[in-house]
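Chemist: Can you keep this structure in mind? I'll have questions shortly.
The values are calculated or read from the model by the stated rules, or taken from the named source; none is laboratory data. Quick caveat, the model's predicted, so the values are computed rather than measured. Cβ placement follows ideal geometry from the backbone for every residue including glycine, while neighbour counts extend to all protein chains displayed. Heavy atoms of the whole protein, side chains included, go into the accessibility calculation; ligands, DNA and RNA do not. Shrake-Rupley method; radii C 1.70, N 1.55, O 1.52, S 1.80 Å.
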Amino acid sequence: MLHPFHIHGCRFQIFAIDGQPPAPNLMRWKDTVPVFPKGQTELLVKFDQPVNREFPYMAHCHILEHEDTGMMKQLTVS
């Protein structure tokens, strides 16, 4: 199943999908990216806002059932 991956509060560009450059329609700034099953997606992320452990960035799958079952991550950038 394809996972629409999203990071709150920042944008990113797709660097590679399974080691290959992304298709032309994916070569723009994004806030959500398709992550394919058993695949590898590499991103170049622009973190514009300061965050800390109390208020971290949040990344998650946009499929509600996945988000509700814990397919999410909190992160800070130093």
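Chemist: Counting only protein heavy atoms, what percent of the accessible surface of the chain is carbon or sulfur at a 1.4 Å probe?
Modeler: 55
Chemist: Same structure, new question: Towards the positive end of the charge dipole of the chain, with charges on Cβ (+1 Lys, Arg; -1 Asp, Glu), say which of 40, 69, 15 has the farthest Cα.
Modeler: After comparing all options, I get 15.
Chemist: Counting heavy atoms of the protein chains only and a 1.4 Å probe, report the per residue accessible area for the chain as a whole number of Å².
Modeler: Here the per-residue accessible area is 72 Å².
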